[in-house]
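What follows is a short report on a single structure.
The values are calculated or read from the model by the stated rules, or taken from the named source; none is laboratory data. Predicted model only: the values in this text are computed from it and were never measured. Here the Cβ is made from the backbone with ideal geometry for all residues, glycine too, and neighbour counts use every protein chain on show. All accessible areas refer to the heavy atoms of the entire protein, side chains included, with ligands and DNA or RNA removed. Shrake-Rupley method; radii C 1.70, N 1.55, O 1.52, S 1.80 Å.
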Amino acid sequence: MDFETFFTEKLDDLREAGNYRVFADLERQKGQFPKATRHDEDGQQSEVTVWCSNDYLGMGQHPNTLAAMKEAIDKCGAGAGGTRNISGTNHYHILLEQELADLHNKEAALMLTSGYVANWAALGTLASRIPNCEIFSDSDNHASMIEGIRHSRAPKHLWKHNDVADLERLLAAADPDVPKLVAFESVYSMDGDICPLEEILDVCEKYGAMSYLDEVHAVGLYGPRGGGVAEREGLMDRVTVIQGTLGKAYGVMGGYIAASSNLVDFVRSFASGFIFSTALPPALAAGATASIQHLKQSDMERMRQRRNVKKLREKLDGIGLPHMMNDSHIVPVMVGDPKKCKFISDLLLDQYGVYVQPINYPTVPKGTERLRITPGPLHTDQDIDHLVGALSELWSQCALSRAVA
């Protein structure tokens, strides 16, 4: 087989479909977020405003976060030095896990190298090692959850997205003596919709199922202390496992689960994705701890973000640009064509200094291509006006439909 020809043809197929991914070469500017320096292929530099960052609250630039990381580097050096089991558990890891357990009002927490690994390791371990366990997975669950479920080889049942009646139908039809695990998310990252959490937990409890809640796009952002949708709704005590990330609203890196001491210890003791991975550097753990502590006390960042989300939506409505309605901080502006979506993204970056990554298949279904915009507390009114004006001009250039004349 001519492997190079095969690779070239498959990559050409992606380009032809408008789904080939190009990385924006950015250099974040300390203290200037959401501004960044862009390095193009010709070696030229320009300033851009980032509108698609998952650093939702700018905590990756916050003085508390930076100071804690610098202090940890000065104390401990760069890396952790090993896996958690073999010399790699630093005191900063312990402090972070205590902070996370407190955040979610759980007995214990366990940090892993990313949110993806946390889902893969926790779901894969629980479903494979609980005898005869069956998984009931929301049809829109993230790839990391799907991969963990696939890795477990446990029987899987897909229920229609956020459809509690369909979940109950599947649970009712299952063997009542079989252990059950229901996996779902609070905020879904591409559509920005929020699950009917209380109703899902009611059904889980009715059929004796464990509940596994991915709060990756909610921690730091919802609830009086940033504990997520479950905290906002007063339901944390009813969720079996809460999974989250340190790489989005907390602005650093890493993933975690929070649950009972026994469940966390079970995953710690049996999950290969945890056991055989080098621990995160102590500086990352220290920075995440500082970020979590700040957002437990400060609501200012969340309030400013919500104000900017509301303002952007109002301005998009004013010029008739279609955006998916939801109750979260995610604003999907719907294009519906992969080539036009990439074209708009490219021109926003090249001509307007606005960076919004196109979201195409397979991340979203074909025909629902979009620009996923995430307003933050540090975007200014001028930033919003510039973004909306640029989108309006490009919408007309691409002859895309509007809701109003």
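Between residue 393 and residue 177, what's the calculated FRET efficiency when r is the beta-carbon distance and R0 is 41 Å? Round to 0.05.
0.10
If you take the alpha carbon radius of gyration of segment 141-251 and divide it by 2.2 N^0.38 Å, what ratio comes out, to two decimals?
In units of the 2.2 N^0.38 Å rule of thumb, it is 1.05.
Which one, 322, 282, 358, has the greatest fluctuation when you compute a Gaussian network model over the chain with C-alpha springs under 10 angstrom?
322
Starting from 0.36 nm per residue, how many nanometres of slack lie between residue 307 and residue 324 once their C-alpha separation is accounted for?
Answer, rounded to one decimal: 4.4 nm.
Using the Karplus equation 6.51 cos²θ - 1.76 cosθ + 1.60 (θ = phi - 60°), what ³J(HN,Hα) coupling, rounded to whole Hz, does each residue of segment 232-238 give in order, writing x for Gly and Pro?
Each residue of segment 232-238 in turn: 4, 8, x, 10, 4, 5, 8 Hz.
I'd like the Karplus ³J(HN,Hα) series for segment 21-28: coefficients 6.51, -1.76, 1.60, θ = phi - 60°, whole numbers in Hz, and an x wherever there's a Gly or Pro.
8, 10, 7, 7, 7, 10, 10, 5
Whose amide H sits under 5 Å from the amide H of residue 211, counting only residues 5 or more places off or on another chain, with H placed in the peptide plane?
For residue 211, whose amide H was placed from the backbone, the distant partners under 5 Å are 182, 240, 241.
Show me 218-228, 344-354 ranked by packing, highest mean number of other Cβ atoms within 10 Å first. Before the final figure, lay out the partial values.
On the way: 218-228: 25.4, 344-354: 18.1.
Ranking, from highest mean packing down: 218-228, 344-354.
Taking the Cα centroid of segment 294-357 and of segment 111-170, what is the distance between the two, rounded to the nearest whole Å?
Result: 30 Å between the Cα centres.
Quick check of the Kirkwood formula: for segment 21-157, what is the inverse mean of 1/r over all pairs of different Cα atoms, in Å?
With all distinct Cα pairs of segment 21-157 included, I get 18.7 Å.
Tell me the label-point distance for the pair residue 37, residue 7, using the 7 Å Cα-to-Cβ offset, in nm and rounded to one decimal.
Between residue 37 and residue 7, the label points sit 3.1 nm apart.
What's the long-distance tail for segment 1-101, i.e. % of Cα pairs beyond 15 Å?
Roughly 78 percent, once rounded to a whole number.
Mean separation of Cα pairs under 8 Å and 6+ residues apart, divided by the residue count of segment 222-274: what relative contact order is that in percent?
Relative contact order comes out at 20 percent.
Using only the alpha-carbon atoms of the chain as identical scatterers, what base-10 log of I(q)/I(0) does the Debye formula give at q = 0.12, 0.13 Å⁻¹?
-1.04, -1.19
From largest accessible area down, sort 55, 2, 40; use a 1.4 Å probe on the protein chains.
Reading off the accessible areas and sorting them downward yields 2, 40, 55.
Give me, ordered by chain and number, the residues 5 or more places off residue 157 or on other chains with an amide H under 5 Å from its own placed amide H.
Residues meeting the amide H criterion: 135, 136, 137.
Take the alpha carbon atoms of segment 286-405, find their radius of gyration, then divide it by 2.2 N^0.38 Å using N residues; give the quotient.
Its radius of gyration relative to the 2.2 N^0.38 Å reference: 1.16.
So between residue 87 and residue 334, what do we pick up on full extension, going 0.36 nm a residue minus the alpha carbon distance?
Details: separation 247, 0.36 × 247 = 88.92 nm, distance 4.89 nm.
Extra length from residue 87 to residue 334 when fully extended: 84.0 nm.
Just from its helices, what would the mean residue ellipticity at 222 nm be for the chain, if runs of 4 or more DSSP H residues each count -39500 (n - 2.57) and the sum is divided by every residue, rounded to the nearest 500 deg cm²/dmol? All intermediate terms of the calculation are to be shown ahead of the outcome.
Details: 14 runs with 173 residues, N = 405.
Dividing the helical sum by the residues of the chain leaves -13500 deg cm²/dmol.
Which residues does the label zone of residue 25 cover in segment 330-370, counting backbone N under 16 Å from a point 7 Å along Cα→Cβ?
350
For q values of 0.19, 0.21, 0.26 Å⁻¹, compute log₁₀ I(q)/I(0) with the Debye formula on a Cα-only model of segment 348-405, without solvent.
Cα-only, vacuum Debye calculation for segment 348-405: -0.85, -1.00, -1.23.
First obtain the Kirkwood hydrodynamic radius of segment 189-267 from its Cα pairs, then insert it into the Stokes-Einstein equation at 4 °C and 1.567 mPa s, and state the resulting D in µm² per second as a whole number.
98 µm²/s
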